[in-house]
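**Student:** Just passing along the structure, written as structure tokens.
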Amino acid sequence: MDSILVTGGGELRGEIPIAGAKNACLTLMPATLLSEEPLTLTNAPRLSDIKTMSALLESLGTEITSMQDGKVLTMSSHNIDNLTADYDIVRKMRASILVLGPMLARAGQAVVSLPGGCAIGARPVDLHLKVMRALGAEIELRDGYVHAKASHGLRGATIEFPFVSVGATENALLAATLAKGTTVLKHAAREPEIVDLAQCLIAMGAQIEGHGTSTIIIQGVDRLNGATHAVVTDRIELGTYMLAPAFTGGEVECLGGRIELLEAFCEKLDEAGISVEQTARGLKVKRSNAGIKGINVTTEPFPGFPTDLQAQMMALLCTATGTSMLEEKIFENRFMHAPELGRMGAQIDVNGGVAKVTGVERLRGAPVMATDLRASVSLILAGLGAEGETLVNRVYHLDRGYERVEEKLRSCGAKIERITGQ
């Protein structure tokens, strides 16, 4: 199993290109199942999760051609000859549940294994199933699989989510494009990835209004066409690399970044003493001479502070002046990185969904273990600013969400290397 060795010390200076969004691409790829014509995605990230979704789609009959070293994916689903998403693939990634809506909409039936992913909370698929039932599908759970049928096709409906769910909004949006009549999604997610999906579906011929707001209206159409669509910038990778010079000093320009993707996050950076400047090429970031100040952070659905940047921010606040409070309101088990940061000398007290971080002068390098995707990179960032060497073990999660992380950080002067497991 691979590890990452980080040697702390030294400023970061340079530029880091930000890839296309993993969470957007994983949502866009199942849209190919809605059409017999090819769907081409440009600016696709080169990640293990993308390979997993490709394998899942290919198992259903989709033909996929990869070009430009994987940054361009052309998918053709003219011949879907299998309607079962098997456990062996689905268990690796929660986003696999997003094939349910498209298969039901186009083929009228689907069998999908219950999904896996990072162990950061229960994250049940109940809302996804409620959405499909509301659209007229018959759902049965049997032997770890979702068995779904819509013999006469899906029907438009008004669906009000009890709480904001990105995944359920995406599945509803995908399914409703081919449903008969009008579907209204109330209390819908507003994330940039939702907007990106809607824009792609519109390019394919879908009739969608209100994306980016809490009410989305979809008028079902008989068929969708092919299209070419550029995947939106990955705002989580963007936020992660924006934090890098805050740990080490120096100045980094994140190419392709836009403040509107991370307004709440940028506000917190300013509060902590980190300057963010929009440039023609992206976002330029550096910390103030006074160092990092303690702040309070609460994770919320977009446009609030992203839960996927909570671990990275916690790592930064470990050496901030004063005390910081971080409240996690999205996932109930997302402070597993706190004990690992404690191995590096951090003072963190976790009480339920709230973590109190008391700043120390500096962290010390240590052997630590990654528990999930975002925890992996938070420990790498902590190692950049720590004294001595930090060995981050079990980084197989990392390759699910970060493309060439060692290469990107090394290009700015970081001392970081991957140690390949035997």
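We did not get these values from a lab; they are worked out from the coordinates using the rules stated. Just so it is clear, the model here is predicted, and its values are computed rather than measured. Note: ideal-geometry Cβ built from the backbone for every residue, glycine included; neighbour counts use all protein chains shown.
**Student:** So what are the ³J(HN,Hα) numbers for region 320-327, from phi and the Karplus equation (6.51, -1.76, 1.60; θ = phi - 60°), rounded to whole Hz, Gly and Pro as x?
**Tutor:** Couplings: 7, 6, x, 10, 10, 10, 10, 10 Hz.
**Student:** A follow-up question, please. Taking the Cα centroid of region 30-82 and of region 292-334, what is the distance between the two, rounded to the nearest whole Å?
**Tutor:** 35
**Student:** Under 5 Å between amide H atoms, partner at least 5 residues away or on a different chain: which partners does I419 have, H built in plane at 1.01 Å?
**Tutor:** The list, which skips near neighbours in sequence, is S3, I4, L5.
**Student:** Amide H to amide H under 5 Å from K180: which residues, 5+ apart in sequence or cross-chain, H placed 1.01 Å off N in plane?
**Tutor:** L154, R155, G156
**Student:** Please report the Cα spread of region 276-337 along all three principal axes, rounded to whole Å, starting with the longest.
**Tutor:** 38, 28, 17
**Student:** By how many nm would the segment from E332 to H147 grow when fully extended, if each residue of separation counts as 0.36 nm and the alpha-carbon distance is taken off? Before the final figure, lay out each step's value.
**Tutor:** Values: separation 185, 0.36 × 185 = 66.60 nm, distance 2.84 nm.
63.8 nm is the gain from fully extending E332 to H147.
**Student:** Where does the chain land on Rg/Rh, using Cα atoms and the Kirkwood Rh? All intermediate terms of the calculation are to be shown ahead of the outcome.
**Tutor:** Working: Rg = 21.5 Å, Rh = 21.9 Å.
Taking Rg over the Kirkwood Rh, I get 0.98.
**Student:** Can you give the Rg to Rh ratio for region 283-422, taking only C-alpha atoms and Rh from Kirkwood?
**Tutor:** Working: Rg = 14.6 Å, Rh = 15.5 Å.
Value, to two decimals: 0.94.
**Student:** Summing Lys, Arg as +1 and Asp, Glu as -1, what charge do residues with Cβ under 12 Å from the Cβ of L12 carry, L12 excluded?
**Tutor:** Working: positive: R13, K286, R287, K408, R410, K415; negative: E11, E15, E251, E253.
Overall, the nearby charge balance is +2.
**Student:** Right, another one. Where does region 22-230 land on Rg/Rh, using Cα atoms and the Kirkwood Rh? Kindly include the intermediate steps, with their values, before the conclusion.
**Tutor:** Details: Rg = 15.3 Å, Rh = 16.5 Å.
Looking at region 22-230, the ratio lands at 0.92.
**Student:** Which of the peptides 315-326, 360-371 is most tightly packed, and how do the rest follow, judged by the mean count of other Cβ atoms within 10 Å per residue?
**Tutor:** So the order, starting with the most tightly packed, is 315-326, 360-371.
**Student:** Per residue of region 248-260, what does 6.51 cos²θ - 1.76 cosθ + 1.60 with θ = phi - 60° give for ³J(HN,Hα)? Whole Hz please, x for Gly and Pro, Karplus curve as stated.
**Tutor:** Values per residue, Gly and Pro as x: 10, x, x, 8, 10, 9, 8, 6, x, x, 9, 4, 5 Hz.
**Student:** For G365, what residues show an amide H to amide H distance below 5 Å, using hydrogens built from the backbone and excluding near sequence neighbours?
**Tutor:** Excluding prolines and chain starts, which carry no amide H, the hits are E387, G388, E389.
**Student:** Tell me, Kirkwood radius of region 230-270 from alpha-carbon pair distances, in Å? Mind dumping the intermediate values first?
**Tutor:** Values: mean 1/r = 0.0926 Å⁻¹.
One over the average 1/r among Cα pairs gives 10.8 Å for region 230-270.
**Student:** If packing is taken as the average count of other Cβ atoms within 10 Å, what order do 15-21, 413-419, 340-346 fall into, highest mean first?
**Tutor:** Working: 15-21: 23.4, 413-419: 17.1, 340-346: 21.4.
Result, highest mean Cβ count within 10 Å first: 15-21, 340-346, 413-419.
**Student:** With θ set to phi - 60°, apply the Karplus curve 6.51 cos²θ - 1.76 cosθ + 1.60 along region 205-217 and write out the HN-Hα couplings as whole Hz, x wherever there is a Gly or Pro.
**Tutor:** Along region 205-217, the couplings run x, 6, 10, 9, 9, x, 4, x, 10, 7, 10, 10, 10 Hz.
**Student:** Also, quick follow-up: Between H78 and T228, what length in nm is gained on full extension when 0.36 nm per residue of separation is reduced by their alpha carbon distance? Please list the in-between numbers first.
**Tutor:** Values: separation 150, 0.36 × 150 = 54.00 nm, distance 1.63 nm.
Roughly 52.4 nm would be gained on extension.
**Student:** Assign unit charges at the C-beta atoms only (+1 for Lys and Arg, -1 for Asp and Glu), then state the dipole size of the chain relative to its Cα centre in Debye, rounded to the nearest 20. Write down the numbers at each step before the final one.
**Tutor:** Numbers: 41 positive and 49 negative charges, 52 e Å.
Computed about the Cα centre, the dipole is about 260 debye.
**Student:** Can you give the net charge of the other residues whose Cβ lies under 14 Å from the Cβ of G352, counting K and R as +1 and D and E as -1?
**Tutor:** Values: positive: K329, R334, K356; negative: E327, E328, E332, D349.
Local net charge: -1.
**Student:** Calculate, for A290 and E260, the FRET efficiency according to 1/(1 + (r/R0)^6) with r their C-beta to C-beta distance and R0 35 Å; round to the nearest 0.05.
**Tutor:** Details: r = 28 Å, r/R0 = 0.79.
Approximately 0.80, to the nearest 0.05.
**Student:** Measuring from label point to label point, each 7 Å out along Cα→Cβ, what is the E37 to K356 span in nm?
**Tutor:** 6.0
**Student:** Could you estimate the translational diffusion coefficient of region 238-294 from the Stokes-Einstein equation, with Rh from the Kirkwood formula over C-alpha pairs, at 25 °C and 0.890 mPa s, in whole µm²/s?
**Tutor:** Working: Rh = 11.0 Å.
Answer from the Stokes-Einstein relation: 223 µm²/s.
**Student:** Once R0 is set to 22 Å, what does the formula 1/(1 + (r/R0)^6) return for the Cβ-Cβ distance between D270 and I202, expressed as a FRET efficiency to the nearest 0.05?
**Tutor:** Details: r = 35 Å, r/R0 = 1.57.
Efficiency for this residue pair is about 0.05.
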